[in-house]
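Working notes for the structure below.
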Amino acid sequence: MKITLLGTGTPAPSLKRQSSGYLLDVGDDLIVMDHGPGAHHRLIESGHRAVDVTHAFFSHLHYDHCMDYGRLVLQRWDMGADRIPDLEVFGPTPIARMSDLLFGEEGVYDADVRARVSHQSSLDVFEARGGEPPRKRPAPRVKEVHAGDVISGRSWRVTVGNASHVQPQLECLAFRLDVAEGSVCYSGDSGASDEIVELARGCDVLIHMNHYLSGTEPSAAYRRACGSHRDNAGVAKRAGVKTLVLTHFLAQIDQPGVRERIVQEIREEFDGTVIWGEDLMQLTLEAPGVAKVSIGS
Ligand SMILES: [Zn+2]
């Protein structure tokens, strides 16, 4: 399994770090977890295209985790020319309604879709790409999932858990993916959570939000929703994961000196490997554990 970090940033504008997105290449399938603004650009930079993606999981519907959903679906539909299966999408409520409002009849992109399925020039391009009219509308196969659900693919299994983020306004999920080579858990956006400790137990890799330097959280509520580096050390230690990948960095902690302090202080509590995530960083997972970490495709 190859894990590519597509976006390790936040909602704040950054050219260095795009918003949240992760790519899991499990051989048979190419799985996206979250697809925030800029994540799709990184997907292309990683050497992949929308048509290569088979499954998309969304942890929660903060825009920095789902704004490139439209780009993924529309580019896949347009370039795929009805020759590839519809994208399979999993996420919390109301991902079904959001999908309908984006891609359905009278949805945000309906005028574009109507033009592309009926204007002759669009149909000519569609046929040149191998499509056979009549052209279908984009129709991602969306399934709303919740903590406790298990989704099985050909060679993988995703278990859904709860994150500790901005409930109850948004349902916020975490995902664990198991394949033959090992296991990776993605916290979504979360503060320290007993549920994530259980979900991530024994994983080779835990990708966890690291929004704050401990002690600088603006409030107790913020700490519960977004956590901090010492909280993450505790989660990784209790879960017994082998590698902790930090992500979702604010610019103020993504600084020389601060980075090193955070990694060192986590290492004082957590015995495993600590990785400061970067956009386009790749981790190759081969039993038993992470075999290679590299930046670039
Ligand atoms: Zn969030």
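I need the P(r) histogram for the range 21-133: all alpha carbon pairs, bin width 5 Å from 0 out to the longest distance, whole percents.
Per 5 Å bin, starting at 0, the Cα pair percentages come out as 2, 11, 21, 23, 20, 14, 7, 2.
What is the calculated FRET efficiency for residue 118 to residue 71, with r their C-beta to C-beta distance and R₀ = 35 Å, to the nearest 0.05?
With R0 = 35 Å, the Cβ-Cβ based efficiency is 0.95.
Beyond 13 Å, how much of the Cα-Cα pair distribution for the range 85-140 remains, as a whole percent?
63 percent
Rounded to the nearest 0.05, what FRET efficiency do residue 255 and residue 147 have when you use their Cβ-Cβ distance and R0 = 35 Å?
For R0 = 35 Å, the calculated efficiency reads 0.50.
Could you work out [θ]222 nm for the chain from helices alone, using -39500 (n - 2.57) per DSSP H run of at least four and dividing by all its residues? Round to the nearest 500 deg cm²/dmol.
-8000 deg cm²/dmol
State in Å² the accessible area per residue of the range 228-297; use a 1.4 Å probe, count heavy atoms of protein chains only, and round to the nearest integer.
Value for the range 228-297: 46 Å² per residue.
How high is the relative contact order of the chain, in percent, with contacts defined as C-alpha pairs under 8 Å that are six or more residues apart?
Relative contact order here is 17 percent.
Please state the relative contact order of the range 9-122 as a whole percent: Cα pairs under 8 Å, 6+ residues apart?
20 percent
If every alpha-carbon in the chain counts as one equal scatterer, what log10 I(q)/I(0) does Debye give at q = 0.10 1/Å?
-0.52
Solvent-accessible area of residue 123, probe 1.4 Å, all protein chains present, reported in Å² to the nearest ten, please.
Approximately 20 Å² of residue 123 is accessible to the 1.4 Å probe.
Pull out the extension gain between residue 157 and residue 82, defined as 0.36 nm times the separation in residues minus the alpha carbon to alpha carbon distance; nm, one decimal.
Result for the pair: 24.3 nm of gain on full extension.
Could you tell me the relative contact order of the range 103-152? Use alpha-carbon pairs under 8 Å, at least six residues apart, and round to a whole percent.
About 30 percent, as a whole number.
What are the semi-axes of the equivalent ellipsoid for the range 222-297, taken as the square roots of 5 times the Cα gyration tensor eigenvalues, largest first, in whole Å?
20, 17, 11
For residue 198 and residue 221, calculate 0.36 nm times their separation in residues minus their Cα-Cα distance, and state this gained length in nm to one decimal.
6.1 nm
Please list 159-169, 59-69, 127-137 highest first by mean number of surrounding beta-carbon atoms within 10 Å per residue.
Final packing ranking: 59-69, 159-169, 127-137.
Which residues does a label at residue 52 reach in the range 20-39, if reach means a backbone N under 13 Å from a point 7 Å past the Cα toward the Cβ?
Only 23-32 fall inside the zone, counting backbone N under 13 Å.
With a 1.4 Å probe and all protein chains left in place, how much of the accessible area of the chain comes from carbon and sulfur atoms, in whole percent?
Roughly 51 percent, rounded to a whole number.
For the range 151-297, report the convex hull volume of the alpha-carbon atoms normalised per residue, in Å³, without decimals.
Cα convex hull per residue, to the nearest whole number: 116 Å³.
Of 194, 78, which has the most accessible area with a 1.4 Å probe, and how do the rest follow in descending order?
Ranking 194, 78 by accessible area, largest first, yields 194, 78.
The values are calculated or read from the model by the stated rules, or taken from the named source; none is laboratory data. Keep in mind that what you see is a predicted model, and the values were worked out from it rather than measured. Note: ideal-geometry Cβ built from the backbone for every residue, glycine included; neighbour counts use all protein chains shown. Just the protein is used for accessible areas: all its heavy atoms, side chains included, with ligands, DNA and RNA removed. Shrake-Rupley method; radii C 1.70, N 1.55, O 1.52, S 1.80 Å.
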